[in-house]
Amino acid sequence: MISATGLRKSYGDFEAVRGIDVEVCAGEVFALLGPNGAGKTTTVEILEGYRPRSAGEVSVLGSDPAEITRRWRERVGIVLQECRLTPELTVREAVARYAGYYPGPRDVDETVALVGLEAKADARTSRLSGGQQRRLDVALALVGDPELLFLDEPTTGFDPSARRQAWEVLGSLRDLGKTVILTTHYMEEAQALADRVAILAAGRIVAEGPPDQLGDSEQRATRISFTLPPGADAADLPAGLRARARIDGDRVSIPAEDPLPALDELTSWATTRGAGLPGLEVRRPSLEDVYLELADAHAGDRDGEEPA
Ligand code: ATP
């Protein structure tokens with residue numbers, strides 16, 4: 001569906017996108033993550049055909065987005081960061097109007113139902129809440145029955161329950177076999193929805209893969225953490241664990257690819273001492289943990305030498 005190699009974009013002397021390679025297959029949900037200014041919107045807008053690139057080869061639905069046709073546009077649905085609609089239209093009228101722009105649109109009422117706006121079908125769009133408005137944006141992007149959907153921060157400003165509902169809607173896009181390119185600042189959202197994510201930092205992809213396989217083995221390792229029991233010192237810990245432990249005050253964190261042997265050793269140690277392991281937690285790092293480590297490691301990329 002999408003193939004880009006060596007994609008670059010400069011604004012004057014500033015190179016915002018610095019050589020990106022991306023492949024997205026049909027039916028995939030692909031998320032682009034990264035800190036503010038990393039180049040996500042620039043990349044997505046080049047793929048959407050809204051921004052010219054400075055260099056690189058790009059093919060979207062078999063065409064170069066710099067030379068797209070009306071037929072290409074009809075196969076692509078876009079939810080922009082902000083969307084302004086004619087306020088006097090009702091939800092159904094707005095969706096029907098957009099449906100009229102496409103040769104083979106989806107059924108209007110079915111599309112309204114898909115985004116959970118049946119109860120608001122006859123309400124004016126100006127009366128919708130922020131979250132309902134965003135659902136309408138998704139309905140408008142869907143009504144043309146596109147093969148490929150671009151969703152730029154689709155749940156920004158949603159309350160937590162609206163976000164969960166939106167995830168259901170976005171999840172149903174996968175069931176419809178749509179290919180989705182998503183940008184988001186919510187790691188939970190990427191974890192819940194994306195088959196693959198790419199993390200952009202300073203215009204380059206610094207990690208790419210399924211959300212639960214991102215990062216190196218140390219970044220993905222399970223963390224065992226606990227508070228040192230009263231009277232215990234980090235130096236008292238079994239030598240093998242002490243060597244790997246990160247100690248912050250009396251809080252100890254031990255990364256372990258397989259946590260069972262470490263837990264076994266640790267509980268024996270605590271039992272022998274007649275102490276517990278207060279605040280014991282065994283947790284696999286979330287996408288957010290891995291993201292923060294990667295973003296941190298690449299925070300100075302623009303200032304220093306070009307990375308290899
Ligand atoms: P955010 O998470 O804040 O939306 P982003 O990853 O989408 O950020 P972009 O909007 O692609 O980032 O911007 C990447 C860099 O390019 C930023 O440093 C931004 O200031 C710069 N930039 C973006 N658009 C322009 C423009 N039209 N002219 C000059 N610089 C721009």
Q) Of the residues Asp122, Asp109, Asp64, Asp152, which is touching a strand residue (DSSP E or B) at 6+ places or on another chain (Cβ under 9 Å), farther than 21 Å from Glu28 by Cα and among the acidic types (Asp, Glu)? A) Asp122
Q: Give the residues of segment 156-186 that are surrounded by fewer than 18 Cβ atoms within 10 Å (Cβ to Cβ), within 14 Å of the ligand (Cβ to nearest atom) and under 18 Å from Pro211 (Cα atoms), sorted by residue number.
A: His185
Q.
What are the pairs with Cβ atoms under 7 angstrom where one residue, in segment 131-160, is in contact (Cβ under 8 Å) with a residue 12 or more places away in the chain and the other, located anywhere, is part of a strand (DSSP E or B) and open to solvent by 30 Å² or more (accessible area, probe 1.4 Å)? Sequence gap at least six, or different chains.
A. Ala141/Ile78; Phe150/Ile78
**Q.** Complete set of residues in segment 119-136 that are over 26 Å from the mean Cα position of the chain (by Cα) and surrounded by fewer than 13 Cβ atoms within 10 Å (Cβ to Cβ)
**A.** Ala119, Asp122, Ser126, Arg127
Q. Has segment 68-82 got at least one residue that is over 22 Å from Glu153 (Cβ atoms) and either within 16 Å of the ligand (Cβ to nearest atom) or aliphatic (A, V, I, L, M) (or both)?
A. yes
Q) Could you give every pair whose Cβ atoms fall below 6 Å, whose first residue belongs to segment 171-187 and is over 17 Å from Glu48 (Cα atoms), and whose second residue is in a helix (DSSP H, G or I) and within 16 Å of the ligand (Cβ to nearest atom), counting only separations of at least 6 or pairs across chains? A) Met187/Glu288; Met187/Tyr291
Q. Is it fair to say Gly12 is within 16 Å of the ligand (Cβ to nearest atom) and at pLDDT below 95?
A. yes
Q. Under the condition of being of a type in the set (Val, Ile, Thr) and within 12 Å of the ligand (Cβ to nearest atom), which residue from segment 27-60 is surrounded by the most Cβ atoms within 10 Å (Cβ to Cβ)?
A. Thr43
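If you check Glu189, Glu218, Glu153, which single one turns out to be acidic (Asp, Glu) and surrounded by fewer than 15 Cβ atoms within 10 Å (Cβ to Cβ)? Give the derivation first.
Details: Glu189 fails: surrounded by fewer than 15 Cβ atoms within 10 Å (Cβ to Cβ); Glu153 fails: surrounded by fewer than 15 Cβ atoms within 10 Å (Cβ to Cβ).
On inspection, the qualifying residue turns out to be Glu218.
Considering only segment 82-92, I want to know if a residue exists there that is surrounded by 21 or more Cβ atoms within 10 Å (Cβ to Cβ), under 27 Å from Arg164 (Cα atoms) and within 21 Å of the chain's Cα centre (by Cα). Give the derivation first.
Filtering segment 82-92 down to residues surrounded by 21 or more Cβ atoms within 10 Å (Cβ to Cβ) leaves 91.
Filter once more, keeping what is under 27 Å from Arg164 (Cα atoms): 91.
Within this subset, residues satisfying the condition of being within 21 Å of the chain's Cα centre (by Cα) are none.
Scanning segment 82-92 turns up no residue that is surrounded by 21 or more Cβ atoms within 10 Å (Cβ to Cβ), under 27 Å from Arg164 (Cα atoms) and within 21 Å of the chain's Cα centre (by Cα).
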(Q) Looking for something within 25 Å of Gly131 (Cα to Cα), hydroxyl-bearing (Ser, Thr, Tyr) and either part of a loop (DSSP other than H, G, I, E, B) or touching a Leu at 6+ places or on another chain (Cβ under 6 Å) (or both) - is there at least one such residue anywhere in segment 85-92? (A) yes
Q.
Show the residue pairs meeting these rules: Cβ distance below 6 Å; 6+ apart or different chains; first residue within segment 85-98 and under 11 Å from Leu136 (Cα atoms); second residue open to solvent by less than 50 Å² (accessible area, probe 1.4 Å) and among the hydroxyl-bearing types (Ser, Thr, Tyr).
A. Leu85/Thr125; Ala94/Thr125; Val95/Thr111
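Right, Val24: among the aliphatic types (A, V, I, L, M), more than 16 Å from the ligand (Cβ to nearest atom) and under 24 Å from the mean Cα position of the chain (by Cα) or not? Give the derivation first.
Working: among the aliphatic types (A, V, I, L, M): yes; more than 16 Å from the ligand (Cβ to nearest atom): yes; under 24 Å from the mean Cα position of the chain (by Cα): yes.
Taking the combined requirement at face value, the residue satisfies it.
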Q. Which members of segment 93-111 meet the condition of being of a type in the set (Phe, Trp, Tyr) and either in a loop (DSSP other than H, G, I, E, B) or outside the structural domain of Gly144 (by TED's automatic domain parsing) (or both)?
A. Tyr101, Tyr102
Q | Subset of segment 247-302 [part of a strand (DSSP E or B) and open to solvent by 40 Å² or more (accessible area, probe 1.4 Å)] | A | Ile247, Asp248, Arg251, Glu281, Val282, Arg283
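The values are calculated or read from the model by the stated rules, or taken from the named source; none is laboratory data. Note that the structure is a prediction, hence the values are computed from the model and not measured. Using ideal geometry, Cβ is built from the backbone for each residue, glycine included, and neighbour counts are taken over all protein chains shown. Each accessible area value is taken on the protein alone, full model and side chains, heavy atoms only, with ligands, DNA and RNA left out. Shrake-Rupley method; radii C 1.70, N 1.55, O 1.52, S 1.80 Å.
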